[in-house]
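Working notes, structure below.
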């Protein structure tokens, strides 16, 4: 897990922040908010301070071993750097979420809908940018029957999908800055929309690949 050290450091610092402030927290912490910025789910503070760090540690362990079980692990050296970058980005994102949850419990004036919109939008931009560098594998990327059976479909789909996720993230950031409360439909359009379009596009990219086996044509 040594290549995930930036993300693990962020998780450790976030965990330390939660533990240091455990005695100052109320018995229960809001851990989920609706699109009006109102909390609609609570977790006991003693559990909440460990939840995200434990999830981050488990994720780091999974990311470290998954490539070894990939039937296409021979491709891993071609995108190994991207794998670790994406892993670190997700771990840092979890750490920031943990700090925001704890900070909110401490009474910080945090505009949760705005924080969620901006952070998710930024995550889409980063993931969309790096996903274009991933080579065919079974665990990361836009994996459909067509991308997994055609190098051309994989390459073209990730180029289009990555662009759409970057644009979706930028739109979500813009909407959040303008409205300060991104709606459910904005999140759905910017997050789910690119995924649906990418899946559909992958089929047509596969159909255009004349190098695939004759029985597939």
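The values are calculated or read from the model by the stated rules, or taken from the named source; none is laboratory data. These figures come from a predicted structure and were not determined experimentally. Methodologically, a virtual Cβ is constructed for each residue, glycine included, from the backbone with ideal geometry; neighbour enumeration extends over all protein chains shown.
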Checklist entry - Within the range 15-30, can you find the residues that are in contact with a helix residue (DSSP H, G or I) (Cβ under 6 Å, 6 or more places away or on another chain), farther than 15 Å from residue 95 by Cβ and buried (at least 16 other Cβ atoms within 10 Å of the Cβ)? => result 25, 29
Checklist outcome for this item: Within the range 59-68, of all residues that are surrounded by fewer than 17 Cβ atoms within 10 Å (Cβ to Cβ) and free of Cβ contacts under 8 Å to residues at least 40 places away in the same chain, the one nearest to the chain's Cα centre (by Cα) is 62
Checklist entry - Among the numbered criteria (1) out of contact with any strand residue (DSSP E or B) (no Cβ under 8 Å at 6 or more places or on another chain); (2) not assigned by TED's automatic domain parsing to the domain that holds residue 53, which single criterion is violated by residue 103? => result (2)
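When you scan the range 49-58, do you find a residue that is in a helix (DSSP H, G or I), touching a residue at least 60 places away in the same chain (Cβ under 8 Å) and not assigned by TED's automatic domain parsing to the domain that holds residue 120, even just one? Lay out the reasoning, then the answer.
Kept after step one, since they are in a helix (DSSP H, G or I), are these residues of the range 49-58: 49-58.
Now restrict to residues that are touching a residue at least 60 places away in the same chain (Cβ under 8 Å): none.
Taking every residue of the range 49-58 in turn, none turns out to be in a helix (DSSP H, G or I), touching a residue at least 60 places away in the same chain (Cβ under 8 Å) and not assigned by TED's automatic domain parsing to the domain that holds residue 120.
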Checklist entry - Can you find even one residue in the range 33-43 that is touching a helix residue (DSSP H, G or I) at 6+ places or on another chain (Cβ under 6 Å), in a strand (DSSP E or B), at pLDDT 85 or above and surrounded by 14 or more Cβ atoms within 10 Å (Cβ to Cβ)? => result no
Checklist entry - Only one residue in 172, 140 is more than 23 Å from residue 84 (Cα to Cα), within 15 Å of the chain's Cα centre (by Cα) and at pLDDT 90 or above. Which one? => result 172
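Can you list the helices (runs of 4 or more DSSP H) found entirely within the range 107-217 that contain at least 1 residues being in contact with a helix residue (DSSP H, G or I) (Cβ under 9 Å, 6 or more places away or on another chain), touching a residue at least 40 places away in the same chain (Cβ under 8 Å) and under 30 Å from residue 22 (Cβ atoms)? Explain how you work it out, then say what you get.
Working: elements: 112-131, 151-179, 184-187, 193-208.
Fully inside the range 107-217 and qualifying: 112-131.
Would you call residue 124 more than 13 Å from the chain's Cα centre (by Cα) and under 30 Å from residue 43 (Cβ atoms)? Steps first, please.
Details: more than 13 Å from the chain's Cα centre (by Cα): no; under 30 Å from residue 43 (Cβ atoms): yes.
It is false that residue 124 is more than 13 Å from the chain's Cα centre (by Cα) and under 30 Å from residue 43 (Cβ atoms).
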Checklist entry - Quick check, is residue 177 more than 16 Å from the chain's Cα centre (by Cα) and within 22 Å of residue 38 (Cα to Cα)? => result yes
